Amino acid sequence: MNQSRNRLVFLALILLGIGFVALVRSTVNEYILSIINFVGIYIILAVSLNITNGFTGLFSLGHPGFMAIGGYVTAILTFPVSRKSMFLELPQWLANLEMPFFPASIIGGVCAAMMALVVGLPVLRLRGHYLAVATLGFLIIVQVLITNWDSVTRGPLGLNGLPAITNLWYVYPWVVVTVYVAWKIKFSSYGRSMLSIREDDMAAQCLGVNLFRTRVAALVIGAFFAGIAGGLWAHLVTAITPTSFSLILAFYIVVMVVVGGAGSISGAFIAAIIFSVLTEIFRPLEENLDVYGIGEIFTAAILILILIYRPQGLFGSREPGFLLTRDTQ
Amino acid sequence: MASSNSVLLKVEGLEKRFGGIIALADYDVEIRPGELVGLIGPNGAGKTTVFNLLSGVLKPNQGRIVFNGQDITRLRPDQNAALGIARTFQNIRIFKELSVIDNVKVAFHIRMGHGFWKTLMHTSDYRYSENEMEQKSHEILELFDLEAIKDQPAKNLPYGIQRRVEIARAMATMPKLLLLDEPSAGLNTGETDELVKTLRKIHDTYGLTIFIVEHDMKLIMTICQRIQVIDRGRMLSTGTPEDVRHDQRVIEAYLGKSGHGKQYAQG
């Protein structure tokens, strides 16, 4: 009944976003623009991790691992052929391949998703803290592999001088797609089966939810968007090293999900904006006062306060009312 | 109702060990379509183990479970649910953060839910099934008198109503066999009376086969047609409520060899 009104609200928000992108691109300087790009990438990361951690309750710390896979795959595919041969020892077909950014990033996302499938099959038999530790192990394995696979990744040196392709016209549509997918899942039967696993996996299974398949799907969907974000990141920074996607980053994304409210898309969205802007605000402060790490300490302090005073996060599992039709409330 | 000589559930020689402890041994049961059968026994007798084995939460060490002509001994709970076995839990396991109606809708997923791609593409059969689920959920909520509180998060409800939500949710899987694990645990007298009414209603409305584990003698004696008694993992007695009530072994199992047992069993 309110379906059409709902669609109008979303359409208006999307158009508003396009207007915003056009406006900032013509008014603000490069520095601010790059911050806004980062904010967008963080939104993709937080909203996609929310599908895994928030909806399905899989406490995964592996998101940066999937980003790294997506980032490296995309970077190698878009790297100019002329320079590839100087740095890397790739198989012939790969060495002669130079792809446009968009298909390359899709392939990056798909590779990350396939890796999630491979990792998920054994690891998702674990629960709770065990799963968190196992995904942490995965993150470290990815870093070690990248560091040691010299011929393809240039090891610890990383790949630099990547084409600076990422701009808001790439980031913004991916933000829209990520939010759309998360939203669509959350308010569907498929999403309800994910939420039921988070709430009580035994009861969910006794009601016919295929636990294993649904958990793997949640990890794979999250990983795809992490891979995309990795590609965007690499071509925004124009460099990628094994340490780009570290545990600290996993910590930041998890904080965004927890503070926003596990399961709330709007919450993850807003928390991603708050935290990525905060870090940027602290950066000049750190440099001027020569005290590095204030940003991290501040973030951790906010996390602790939220966990004590509002453990369900800013939004709980809910979305603000104006975005909902009557029957999804 | 199907012919009385057909058997819906047939269990033979079921055994479950946890390490060296035998939780259940040599357990048999036969349930015909439309029957309302009770399972009783003192604490730790293995009643919940029986249900965990029947629903697939645990796998037996020995024995065979045949449901509707199909061997389901090794199947997972979700496969059993698909075949038509639904259950509730002794210590309520509702989805606390979800609304009452979403609790029920989760159960419809198995019958009419769609996967990731159809959901994303918003296909016409996806839209159809979402509407269908909405309507069927309202029917179930209506039947269980939960319509008025459908949007409340389940965690906010009183215990007795949570029980009802759990039973409503199990019914939404459209089961052939409903396993109720101590449905009156933690309920006060008024709530228990409500529960009996609800159970009678679903048994009469759907001709549903119900297997019920209970502590409350009065409840089980009034609604069950047939009762099994187990003690320390072994079958003790089986028969009509009247038979079981007067079985000396049952009385002893509950209260030791004492005259008070008879009174207790008569509740």
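The values are calculated or read from the model by the stated rules, or taken from the named source; none is laboratory data. Remember, predicted model here, so these are calculated numbers, not experimental data. Cβ placement follows ideal geometry from the backbone for every residue including glycine, while neighbour counts extend to all protein chains displayed. Only protein heavy atoms, including side chains, enter the accessible area calculation; ligands, DNA and RNA are left aside. Shrake-Rupley method; radii C 1.70, N 1.55, O 1.52, S 1.80 Å.
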* For the stretch B:192-220 and the stretch A:218-235, what is the separation of their Cα centres, given in Å? -> 51 Å
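Could you work out, residue by residue across B:72-79, how many beta carbons of other chains sit within 10 Å of that residue's beta carbon, and then give the average as an integer?
Values: counts 0, 0, 0, 0, 6, 10, 11, 3.
Other-chain Cβ atoms within 10 Å of each residue's Cβ, averaged: 4.
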* Structure fact -> Of every hundred units of 1.4 Å-probe accessible area on chain B, the number belonging to carbon and sulfur atoms, as a percent, is 49 percent
* Peptide ranges B:72-80, A:295-303 listed from the most packed, as the mean C-beta count within 10 angstrom indicates -> B:72-80, A:295-303
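Calculate the dipole size of the protein assembly as shown relative to its Cα centre from +1 charges on Lys and Arg beta carbons and -1 charges on Asp and Glu beta carbons; express the result in debye to the nearest 20.
Details: 52 positive and 47 negative charges, 121 e Å.
My answer is approximately 580 debye.
What FRET efficiency comes out for A:Met86 versus A:Asn148 if R0 is 22 angstrom and r is the Cβ-Cβ distance? Round to the nearest 0.05.
Numbers: r = 21 Å, r/R0 = 0.94.
With R0 = 22 Å, the Cβ-Cβ based efficiency is 0.60.
Per-residue counts of other Cβ atoms within 10 Å, averaged by peptide: what ranking do you get for A:117-129, B:212-224, highest first?
Details: A:117-129: 15.2, B:212-224: 19.5.
Descending packing order for the listed peptides: B:212-224, A:117-129.
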* Asked: Chains B and A: how much accessible area gets covered up at their contact, both sides added, probe 1.4 Å, in Å² to the nearest hundred?
  -> 2700 Å²
* Entries of B:Lys105/B:Lys176; B:Lys59/B:Lys218; B:Lys16/B:Lys201; B:Lys16/B:Lys105 with Cα pairs more than 30 Å apart -> B:Lys59/B:Lys218; B:Lys16/B:Lys201; B:Lys16/B:Lys105
* Label points 7 Å out from Cα along the Cβ direction at A:Ala301 and A:Phe251: separation in nm? -> 1.5 nm
* Scan chain B and note any complete DSSP helix (H) whose C-alpha atoms cover at least 15 Å along its axis and whose Kyte-Doolittle average is 0.0 or more. => B:100-112
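At 1.4 Å probe radius, can you tell me the per residue accessible area of the stretch A:1-144 in Å²? Please list the in-between numbers first.
Details: 6890 Å² over 144 residues.
Averaged over the residues of the stretch A:1-144, the accessible area is 48 Å².
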* Take the Cα atoms of the protein assembly as shown, find their three principal axes, and give me the spread along each one in whole Å, biggest first. => 92, 51, 49
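Over the whole of B:93-99, what's the average partner chain Cβ count within 10 Å per residue? Rounded to a whole number, please. Working shown, then result.
Values: counts 8, 4, 10, 2, 9, 6, 1.
Average neighbour count from other chains, rounded to a whole number: 6.
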* In range of the label at A:Val28: residues from the stretch A:149-182 whose backbone nitrogen is under 13 Å from the point 7 Å along Cα→Cβ -> A:168
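Hey, what number do you get for the protein assembly as shown at 222 nm if only DSSP H runs of n ≥ 4 count, each worth -39500 (n - 2.57), divided across all residues, to the nearest 500?
Details: 26 runs with 351 residues, N = 596.
Result for the protein assembly as shown: -19000 deg cm²/dmol, rounded to the nearest 500.
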* Do any of A:Lys184/B:Lys136; B:Lys47/B:Lys136; A:Lys186/B:Lys155; B:Lys47/B:Lys150 go past 24 Å between their Cα atoms, and which? -> B:Lys47/B:Lys136; B:Lys47/B:Lys150
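I'd like the mean, over residues of B:112-120, of how many other protein chain beta carbons sit within 10 Å of each residue's own Cβ.
Per-residue shielding by partner chains comes out at 5.
Rg/Rh for the stretch A:3-328 to two decimals, with Rh computed the Kirkwood way over all alpha-carbon pairs. Mind dumping the intermediate values first?
Values: Rg = 19.7 Å, Rh = 20.4 Å.
Taking Rh as the inverse mean 1/r over Cα pairs, Rg/Rh reads 0.97.
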* Structure fact -> Each label sits 7 Å from Cα toward the beta-carbon; between B:Glu12 and A:Met114 the label points are separated, in nm, by 4.8 nm
* **Helix runs (DSSP H) in chain A reaching 24 Å along axis by Cα, Kyte-Doolittle at least -0.5** => A:3-27, A:30-49, A:101-123, A:128-148, A:168-186, A:211-237, A:265-289
* Efficiency by 1/(1 + (r/R0)^6): what FRET value for B:Asp145 and B:Thr222, r their Cβ-Cβ distance, R0 = 22 Å, to the nearest 0.05? -> 0.55
* Using θ = phi - 60° and the Karplus form 6.51 cos²θ - 1.76 cosθ + 1.60, what ³J(HN,Hα) does each residue of the stretch B:70-83 get, whole Hz, x for Gly and Pro? -> 10, 6, 10, 3, 9, 7, 7, x, 5, 5, 4, 4, 5, 6
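Can I get the semi-axes of the stretch B:9-266's equivalent ellipsoid? Compute them from the C-alpha gyration tensor as square roots of 5 times the eigenvalues, in angstrom, largest first. Numbers along the way, then the final one.
Details: eigenvalues 230, 97, 46 Å².
Value: 34, 22, 15 Å, ordered largest first.
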* **Point-to-point label distance, A:Phe20-A:Arg5, nm (Cα→Cβ direction, 7 Å offset)** => 2.4 nm
